[in-house]
1. Would you mind working out the magnitude of the charge dipole of the stretch 33-85 relative to its Cα centre, with +1 at each Lys and Arg C-beta and -1 at each Asp and Glu C-beta, to the nearest 20 Debye?
2. Could you list the square roots of 5 times each eigenvalue of the Cα gyration tensor of the stretch 1-153, that is, the equivalent ellipsoid semi-axes, sorted largest first and rounded to whole Å?
3. Quickly estimate the mean residue ellipticity at 222 nm for the chain, helices only: each DSSP H run with n ≥ 4 gives -39500 (n - 2.57), and the total goes over all residues, rounded to 500.
4. Using a Förster distance of 41 angstrom, determine the FRET efficiency expected from the C-beta separation of Glu75 and Lys193, and round it to 0.05.
5. Lys pairs in the chain, Cα-Cα under 28 Å, at least 8 apart or on separate chains: how many?
6. Based on Cα positions only, what radius of gyration and what Dmax would you give for the stretch 1-86, in angstroms?
7. How many nm is it between the label spots at Ala1 and Tyr51, if each spot is 7 Å from the Cα in line with the beta carbon?
8. Which order do peptides 123-133, 137-147 fall in by mean Cβ count within 10 Å, highest first?
Amino acid sequence: AEREMVWADGEREEWLRPSERTGTTRTIDTFHEAGGWPEVIRAYRDERITYAPHQVIMFAQAPEALVRPLLAGWEPRLPDYHLPNIKGLVARFELDVRHVVLANAKASPYGFGPALLPYLDVEVARLMADWFFRLKSARRIAREWLVGHGTYAVPYLVPDAVGKKGALRNKAIAALSLIASEHGEDAVVEAAKRFDA
């Protein structure tokens, strides 16, 4: 059940930089001119801002105190070109925007998979093991996640690797084998010792 964020050095700061992200839209500007960010939020709540890319801009730019409470109910389906914006939201809101990133990455692994790189939990570990094992288009992303998290990912993969025979087991074993090839078998065994009786 544990979920955490693990950032590479300088990664979060890089994702927070707005250089590649969409600036604004006429829709957001219109509501903002009418009454500032509270009016934009009111328009969103009243379903007058329904286009998901416009909502991304609102979440990226509005004061955090106004938009963070709205994240739990936000379930957009986004076009792939919004990866830079989603990375900015990941850096800003971390675990509070995980459900958005995960849903979009499942729908478009190549398009949004890179936004999952800082997340460390069992569901993301299983997804990365799956991509590494069977999905050529997302294998590079999965490899980056598995090697990057290294032995910290081991506890999330071991239960499946020693579980019943089947797809989950095969995928977890492949993922652990990759980690062992990069970080050493002894390091993987040591990381798995938390499961000793």
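The values are calculated or read from the model by the stated rules, or taken from the named source; none is laboratory data. These numbers were taken from a predicted model, which means no experiment stands behind them. No Cβ is skipped: glycine too gets one built from the backbone with ideal geometry, and neighbour counts run over all protein chains shown. Please note that ligands, DNA and RNA were not included when accessible areas were found on the heavy atoms of the full protein model with its side chains. Shrake-Rupley method; radii C 1.70, N 1.55, O 1.52, S 1.80 Å.
1. Details: 5 positive and 7 negative charges, 17 e Å.
My answer is approximately 80 debye.
2. Values: eigenvalues 180, 43, 37 Å².
They are 30, 15, 14 Å, listed largest first.
3. On the way: 12 runs with 122 residues, N = 197.
So the helix-based figure for the chain works out to -18500 deg cm²/dmol.
4. Values: r = 39 Å, r/R0 = 0.95.
Efficiency, rounded to the nearest 0.05: 0.60.
5. So the count of such lysine pairs works out to 13.
6. Rg and Dmax of the stretch 1-86, Cα atoms, are 14.1, 44 Å.
7. Placing both labels 7 Å along Cα→Cβ, they lie 4.2 nm apart.
8. On the way: 123-133: 22.5, 137-147: 18.9.
The peptides rank, most packed first, as 123-133, 137-147.
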